[in-house]
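The values are calculated or read from the model by the stated rules, or taken from the named source; none is laboratory data. Bear in mind the structure is a predicted one, so any value in this text is a computation, not a measurement. All Cβ positions, even for glycine, are placed from backbone atoms using ideal geometry, and neighbour counts span all protein chains on display. To get the accessible areas, we keep the full protein, side chains included, count just its heavy atoms, and leave off ligands, DNA and RNA. Shrake-Rupley method; radii C 1.70, N 1.55, O 1.52, S 1.80 Å.
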Amino acid sequence: MKKTLKELLNKKTVILDGATGTNLQKCGLPGGVCPEQWVLEHKDVMIKLQKAYVEAGSDVLYAPTFSGNCIKLKEYGLQDSVSEMNKALVDVCKEAAGDQVLIAGDMTMTGQQLMPLGTLSFDELLACYKEQAKALDEAGVDLFVVETMMSLQETRAAVLAIREVSVKPLMVTMTFETNGRTLYGTDPVTALVTLQEMGIDAFGINCSAGPDTLLPHIRAMKRYAKVPLVAKANAGLPMLVDGETVFPMQPDEFAAATEKLIENGASIVGGCCGTGPAHIKALSQTAAALPKTVVSDVPEVTWQAVTTERKTYDFENGFDHLEIGTHITASKCPELIEDFKEGMFDTLYDLLDEEACEEPDIICVDIDAEDEDYDPCEIVGELISELSSAAAPIAFSTLDMKLLDKYLKLYPGRALVKYKEGSNIKNVEALAVKYGAVVI
């Protein structure tokens with residue numbers, strides 16, 4: 001009988017599988033085709049690879065559903081096959097996994113950018129991820145993994161979508177550039193703090209580079225981690241040798257470098273691009289020889305922090321001592337309401353310029369107003385985009401639960417909610433829990 005992810009974590013360092021894409025390319029996967037469709041047409045290749053990972057010591061196999069979302073599949077005219085394809089791909093994985101190894105429903109980015117950089121709305125992205133998550137849940141995966149993510153906001157959408165259809169364990173891994181940030185500018189600690197408060201079960205890094213380059217990030221996250229940390233690195237930085245992309249780290253070297261990640265806090269480890277069954281076997285043997293700190297032995301963290309998309313604000317004295325240095329209150333500023341009604345933000349810019357000089361602990365935003373020609377819900381998306389330039393974390397305050405829901409859904413970090421007299425505190429707290437916000 002399979003052990004759950006939590007049961008495994010309380011016994012051992014959990015071993016994930018290795019690379020899928022780079023190994024399938026060696027077996028004939030050509031460029032320009034839908035990888036998910038190719039796997040279904042070459043099931044024997046996928047089953048052979050995953051069985052090799054099981055024999056090498058993997059506790060978790062990633063189902064080959066990586067880009068099986070409707071936006072990505074549309075590139076191949078397969079957008080109407082999301083449910084059918086994901087369920088069939090999970091069945092392929094089940095044949096390889098047997099009755100001992102966990103199967104993770106694998107999800108990743110869509111390749112389309114969210115507004116305002118792109119044309120994709122947050123709600124459209126939610127619907128896309130929810131369709132895939134529902135199919136994976138119905139297919140019987142044991143857990144979910146959202147991986148190789150570069151955008152914190154897109155990752156939040158995937159987490160929210162999965163949590164709408166399933167309570168199964170959820171791991172998230174993001175990929176970071178050599179500067180220690182994602183392509184969209186988020187650092188590992190900020191991503192961890194934001195996402196673990198939304199109820200994920202493990203967080204970490206995949207792809208990026210070799211395991212040695214992940215060490216400072218694992219160390220930095222350890223102080224803030226309420227959930228197990230994940231490391232699934234490439235077999236070093238790729239090199240071009242005789243026109244072929246080669247990943248230089250051999251299995252023993254890869255395992256030795258990953259050993260340092262385990263010693264510094266990673267509880268779930270595996271391999272990404274360039275790794276194969278031999279790497280996972282070496283890693284499994286190395287991990288088995290190390291002392292294990294089980295989940296129940298991890299000390300409770302005492303920090304208090306909120307985030308924007310690109311920064312963590314750590315309040316050592318807790319949230320009870322915060323000072324609201326700036327109030328942006330629409331009901332007390334007719335010019336602000338008139339600006340909002342016309343889709344303008346000049347008055348907001350002036351207020352933000354003033355607070356930038358004062359350096360407040362937090363900025364409280366309250367755009368409620370009694371004006372029948374004004375609907376604050378219509379401007380929330382652009383408002384939050386404009387607030388990204390603020391020099392302090394944001395607290396939202398409103399009596400309207402529909403508006404609060406939209407604030408917290410679209411805010412790309414861990415927000416604060418300033419309780420407003422007259423609100424139903426239970427409703428406020430329920431939304432805060434859903435989105436990982438803090439009520440003050």
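A compact table of results
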| quantity | calculated |
| --- | --- |
| Strands (runs of 3 or more DSSP E) within the range 311-370 that include 1 or more residues at pLDDT below 85 | 324-329 |
| Out of Lys226, Lys222, Lys232, Lys260, sole residue that is open to solvent by less than 30 Å² (accessible area, probe 1.4 Å), under 19 Å from Leu9 (Cα atoms) and charged (D, E, K, R) | Lys232 |
| Condition met for Ala369 (open to solvent by less than 50 Å² (accessible area, probe 1.4 Å), under 22 Å from Ile440 (Cβ atoms), in contact (Cβ under 8 Å) with a residue 24 or more places away in the chain and of a type in the set (A, V, I, L, M, F, W, C)) | no |
| Flag for Glu429 being touching a strand residue (DSSP E or B) at 6+ places or on another chain (Cβ under 7 Å), farther than 21 Å from Leu352 by Cβ and of a type outside the set (Gly, Ala, Ser) | yes |
| Qualifying residue in the range 400-408 (condition: in a loop (DSSP other than H, G, I, E, B) and over 18 Å from Thr308 (Cα atoms)) | yes |
| Residue in the range 123-141 that is assigned to a loop (DSSP other than H, G, I, E, B) and over 23 Å from Ser388 (Cβ atoms) present | yes |
| Only one of Val146, Val193, Val159 that is at pLDDT 95 or above, in a helix (DSSP H, G or I), within 26 Å of Lys87 (Cα to Cα) and of a type in the set (Val, Ile, Thr) | Val159 |
| Options Thr65, Thr110: the member that is in contact with a strand residue (DSSP E or B) (Cβ under 6 Å, 6 or more places away or on another chain), under 25 Å from Lys130 (Cβ atoms), surrounded by 23 or more Cβ atoms within 10 Å (Cβ to Cβ) and touching a residue at least 24 places away in the same chain (Cβ under 8 Å) | Thr65 |
| Set Lys74, Lys48: member being more than 23 Å from Leu283 (Cβ to Cβ), open to solvent by 20 Å² or more (accessible area, probe 1.4 Å) and of a type in the set (Lys, Arg) | Lys74 |
| Among (1) surrounded by fewer than 22 Cβ atoms within 10 Å (Cβ to Cβ); (2) without any contact (Cβ under 8 Å) to a residue 60 or more places away in the chain; (3) of a type in the set (S, T, N, Q); (4) under 25 Å from Lys48 (Cβ atoms) - the single one Thr213 does not satisfy | (4) |
